[in-house]
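Q: Starting off with a structure, shown below.
The values are calculated or read from the model by the stated rules, or taken from the named source; none is laboratory data. Please read these numbers as outputs of a predicted model, since none were measured by experiment. Backbone-built Cβ (ideal geometry, glycine too); neighbour counts: all protein chains shown.
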Amino acid sequence: MNFVVENLCKLNNGNRSLDDISFNIKNNEIIGIKGPSHAGKSLLLRVLAGITQSDFGNYRINGESVYPRSQKYKKQLGYLPQDAPIYSDLKTSEYVSLIATLREFPLSSNLIDEVKSYSGIEKHWNTPIHALSPSAKKCLSFIQCYLHNPKIVLLDSPFIGLESEHKSRVLAKILKEKHSTATLIVSHDTELLNRHCDKIFFMEDGNLFQNENDVVLPRGDHIDSHLQTPTTTL
Amino acid sequence: MTKFLTLTRTEIQQYLRRPDTYYIIAVFYFSCGFSWFYIYRPFANHQLDLYEYFEFLALASCVVLPLLSQRSWTSEFRLRTIDVLAQLPLSFKTVSLAKFIAPLLIISVSYSFIILLALQISLLGDLDWGILLSSLVGLFFVQAIIILTSQLIGVFFRAPARSLLVAILVIMLIMYCDRVLLNFLLKFDISEPLQNKIYSLSPMFHFKHFIGGFIESQSIDYFLVSSYGLWVAIATQSRKNL
């Protein structure tokens, strides 16, 4: 599986929130994106998840053009939003069952066991989500990304707010599924990214760089001068 | 279809788990029954029919239904759970239909209280069950419009209190727009056909046909077209607001 993004642009009141971003991810690859706050990392993931619409950009999976808001694309995608929102009124089992049904994926007993073990909610399977700890909620939100065996997984700050036990479970799941998925992780945890990612990109002011040292321009001149440079193909 | 049914079931579950759903419905029927009995005073008027009761129900719906149904959208945006739905292979038309049908079903089930009242009245004399049926159909339609309007307004706001206030004001204005407009236009010399056209803009005008026992195709068309338009507007706007 090869997921290619070309010339992705997102305009916001005339400014480029995402500026001509191109990259590709392959199967069995984990790509990390780091950068300062408001650099556009979460926006990039929201666009790739088909939530926010981009103004320009081509997306291809195995050479075939895809539209990020199409159902066909979304069936291949798992996305953990920043802050991991979740329906707190539901019970854990109901939430997992809801997501599986909406994903059109049968919820087998094996899958339920796996969900329980990776999210660490064995004892809380029939507990309302609002009664879970914030870390367990985030774990549950994380695990829904993998319910349907996605080909592309987009994780926005997956380790923030996790207890150490949950953090290791989440990491174990990411590494376990690595062979069958292309994973894109946005995180501020540089050490973790360095240790587990195959490539690390740096993002600033809506531009994606392969190397943190590439960012040499002062903020004021940044956007205009980059509009004249060729696409950052990584 | 499975996705729609699952979403609707989940929405209904969420409504039924919140205690305020029961309080709101209880206050709704109690206030309408109280108003009908003590303001309209059916025994003093020597006319025990449910026409005025249904008018009170429509008026109370303008306040009660936004309270009941609106936060399903405002909380989605405020808590960002809409991101969970938006990443799923799911159309927003399905989501907005489920969010609309769930409160409508709950409020429709509560019509059993009206039937209970009708049964009591029928013990005192001959009740026209045909008119009662057409009134219930009319109430269903008018409540559908109110739920959809309040949800459409809920899509635009994050703050629940402000959204609720705006929704109640807008719904009141829409429901009674014929009176507002006519009070203004009667200052000018306008023709009767134009007056009728203005009347027919209001949901209350059509609702009164139903509670009078007349089910007209024009009124059914009005409610169906308005509901469809509002539903599409919610689906489109909620997607735009992401």
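Q: Could you grab me the full set of residues in segment B:124-180 that are in contact with a Lys or Arg (Cβ under 6 Å, 6 or more places away or on another chain) and part of a helix (DSSP H, G or I)? So that I can check it myself, show each step before the final result.
A: The first filter runs over segment B:124-180 and keeps only residues in contact with a Lys or Arg (Cβ under 6 Å, 6 or more places away or on another chain), leaving B:158, B:160.
Correct list: B:160 only.
Q: Pick out the one residue from B:32, B:62 that is more than 24 Å from residue B:4 (Cβ to Cβ), buried (at least 20 other Cβ atoms within 10 Å of the Cβ), more than 14 Å from every other protein chain (Cβ to nearest Cβ) and in contact with a Leu (Cβ under 6 Å, 6 or more places away or on another chain).
A: On the way: B:62 fails: in contact with a Leu (Cβ under 6 Å, 6 or more places away or on another chain).
One residue alone meets the criteria, B:32.
Q: For residues in segment A:70-84 being within 7 Å of chain B (Cβ to nearest Cβ) and assigned to a loop (DSSP other than H, G, I, E, B), which is surrounded by the most Cβ atoms within 10 Å (Cβ to Cβ)?
A: By that ranking, first place goes to A:81.
Q: Could you grab me the full set of residues in segment B:129-138 that are surrounded by fewer than 14 Cβ atoms within 10 Å (Cβ to Cβ) and in contact (Cβ under 8 Å) with a residue 24 or more places away in the chain?
A: Matches in segment B:129-138: B:130 only.
Q: Kindly list the number of the only condition in (1) within 14 Å of chain A (Cβ to nearest Cβ); (2) assigned to a helix (DSSP H, G or I); (3) free of Cβ contacts under 8 Å to residues at least 12 places away in the same chain that fails for residue B:80.
A: Result: residue B:80 passes all but (2).
Q: Right, another one. Name, by its number, the condition in (1) assigned to a loop (DSSP other than H, G, I, E, B); (2) farther than 19 Å from residue A:104 by Cβ; (3) under 13 Å from the mean Cα position of the chain (by Cα); (4) of a type outside the set (Asp, Glu) that does not hold for residue A:50.
A: (2)
Q: Right, another one. Only residues in segment A:34-57 that are more than 13 Å from residue A:186 (Cβ to Cβ) count as the first member; pair them with residues that are buried (at least 22 other Cβ atoms within 10 Å of the Cβ) and of a type in the set (Val, Ile, Thr), Cβ under 9 angstrom, at least 6 apart or cross-chain, and list the lot.
A: If the second residue must be buried (at least 22 other Cβ atoms within 10 Å of the Cβ) and of a type in the set (Val, Ile, Thr), the pairs left are A:51/B:82; A:53/A:47; A:54/A:47; A:57/A:5; A:57/A:21; A:57/A:47.
Q: Filter segment A:85-114 down to residues that are facing chain B (nearest Cβ under 9 Å), within 26 Å of residue A:30 (Cβ to Cβ) and not in a helix (DSSP H, G or I), then give me how many there are.
A: So the count comes out to 3.
A quick yes/no check of all residues on (1) under 17 Å from the mean Cα position of the chain (by Cα); (2) at pLDDT 90 or above; (3) buried (at least 17 other Cβ atoms within 10 Å of the Cβ):
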| residue | (1), (2), (3) |
| --- | --- |
| B:75 | no, no, yes |
| B:79 | no, no, no |
| B:84 | no, no, yes |
| B:100 | yes, yes, yes |
| B:106 | yes, yes, yes |
| B:122 | no, no, no |
| B:140 | yes, yes, no |
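Q: Considering only segment A:115-132, state which residues are more than 19 Å from residue B:17 (Cα to Cα) and either in contact with a Pro (Cβ under 9 Å, 6 or more places away or on another chain) or outside any loop (DSSP other than H, G, I, E, B) (or both).
A: Going residue by residue through segment A:115-132, those that are more than 19 Å from residue B:17 (Cα to Cα) are A:115-123.
Across segment A:115-132, the qualifying residues are A:115, A:116, A:117, A:118, A:119, A:122, A:123.
Q: Could you say whether any residue in segment B:19-39 is in contact with a Ser or Thr (Cβ under 9 Å, 6 or more places away or on another chain), of a type in the set (Asp, Glu) and modelled with pLDDT of 85 or more?
A: No.
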